[in-house]
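The values are calculated or read from the model by the stated rules, or taken from the named source; none is laboratory data. From a predicted model like this one, the values you see are computed outputs, not experimental measurements. Methodologically, a virtual Cβ is constructed for each residue, glycine included, from the backbone with ideal geometry; neighbour enumeration extends over all protein chains shown. The area values use the complete protein model at the heavy-atom level, side chains included, leaving out ligands, DNA and RNA. Shrake-Rupley method; radii C 1.70, N 1.55, O 1.52, S 1.80 Å.
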Amino acid sequence: MKVFFITKRTILFSVIMILFFVCVFSVFHTSKLLTVNAPNSSILSEELADKITNLPKAKEKVAYLTFDDGPSPNVTPKILDILKEENVKASFFVIGKYVDSYPEITKRAYEEGHFIANHGYDHDSKVLYKNDDSFIDEIRKTDLAISNAIEVENYSSHIFRFPTGYMSSHHKAQKKNCLKLLSQMDYTYIDWNCLNNDSMKKYSKEQLLNNLKKTMKGKDTLVILMHDTKFVSDSSTALKDSIEYIKSQGYTFDNFYSFFP
């Protein structure tokens, strides 16, 4: 029979190694989940919900760049490159099915400090407004798609943007009912108060910039609608010039993380 002797030195070495691996795992796990302070653990008070919805009426000279309908492989990476170069943080209202198709683009936007918000899963009014359960499912499926892409459990942006906006006359009755459903899900919504009309028709980059200048005239806080797709016009072509013009007018840039410290 063999007899094994365990020395104090061996025990001490084993304990040190165990503690080392525990610390390494803890640091890796924490850095992976907390790349950006996601708002998933926040509670959306009625006061905060109203503040976000009414942001386009605010008086601070702050610009919020928002991009709808992505992510897309042809445009979103170009927009992210420009935002990084200009040191501007934006907010992306993503479509859930495209997040599932391009999770790596969504993850990149998140890890670079951009706010990832909910624009529904299908961007199809027939599905979105079919009934209450269908509307809720569109929000939940998009949250899940984002969670999977950015590797943050139970993610919720708490901010939804209606396709065509709440201000649009389309599906007005259904949207009014949906406000109650959003509140039940700890969500609010936001529209915009200026845009470059990139979804209306084909514009040159000079025309896109001029459209933006016209619609931002006389406004304090800017909630700017653009799209990170090229279904009609490609906003990435005019983005750098747009950012430089907005800065020249005395605006600072922010995104919706400022509401979820």
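A simple rule links phi to the HN-Hα coupling: the Karplus curve 6.51 cos²θ - 1.76 cosθ + 1.60 with θ = phi - 60°, which for the stretch 252-261 gives 9, 9, 8, 10, 6, 4, 5, 8, 10, x Hz, with x for Gly and Pro.
For the pair Leu48 and Phe231, the difference between a 0.36 nm per residue extended length and the Cα-Cα distance amounts to 62.5 nm. When +1 charges are put on Lys and Arg Cβ atoms and -1 charges on Asp and Glu Cβ atoms, the dipole computed for the stretch 194-261 relative to its Cα centre reaches about 260 debye. Candidates Asn131, Tyr166, Ala145 compared by Cα position along the dipole of the stretch 114-175: farthest toward the positive end lies Tyr166, with charges placed on Cβ.
Rounded to the nearest whole Hz, the Karplus-based 3J(HN,Hα) values (6.51 cos²θ - 1.76 cosθ + 1.60, θ = phi - 60°) of the stretch 165-171 follow the sequence x, 5, 5, 5, 6, 5, 6, with x at glycine and proline. Given +1 at the Cβ of Lys and Arg, -1 at the Cβ of Asp and Glu and no other charges, the dipole of the stretch 152-252 around its Cα centre is 460 debye to the nearest 20.
Qualifying trypsin sites (Lys or Arg not before Pro) in the stretch 38-144, where qualification requires a DSSP coil assignment and no more than 11 other C-beta atoms within 10 Å, comprise Lys59. Positive-end ranking of Ser72, Asn154, Asn196 along the dipole of the stretch 66-216, with charges on Cβ about the Cα centre, is headed by Asn196. Apolar share of the accessible surface for the stretch 107-261: 49 percent from carbon plus sulfur atoms, 1.4 Å probe. Given their separation in residues at 0.36 nm each and the Cα-Cα distance between them, Lys201 and Asp81 gain 40.7 nm when the chain is fully extended.
Each residue of the stretch 208-222 was assigned a 3J(HN,Hα) from its phi angle through the Karplus curve 6.51 cos²θ - 1.76 cosθ + 1.60 (θ = phi - 60°); the sequence is 4, 5, 5, 4, 5, 4, 5, 7, 8, 4, x, 9, 8, 5, 10 Hz, with glycine and proline shown as x. Rolling a 1.4 angstrom probe over the protein heavy atoms with all chains in place gives the stretch 184-261 an accessible area of 45 Å² per residue.
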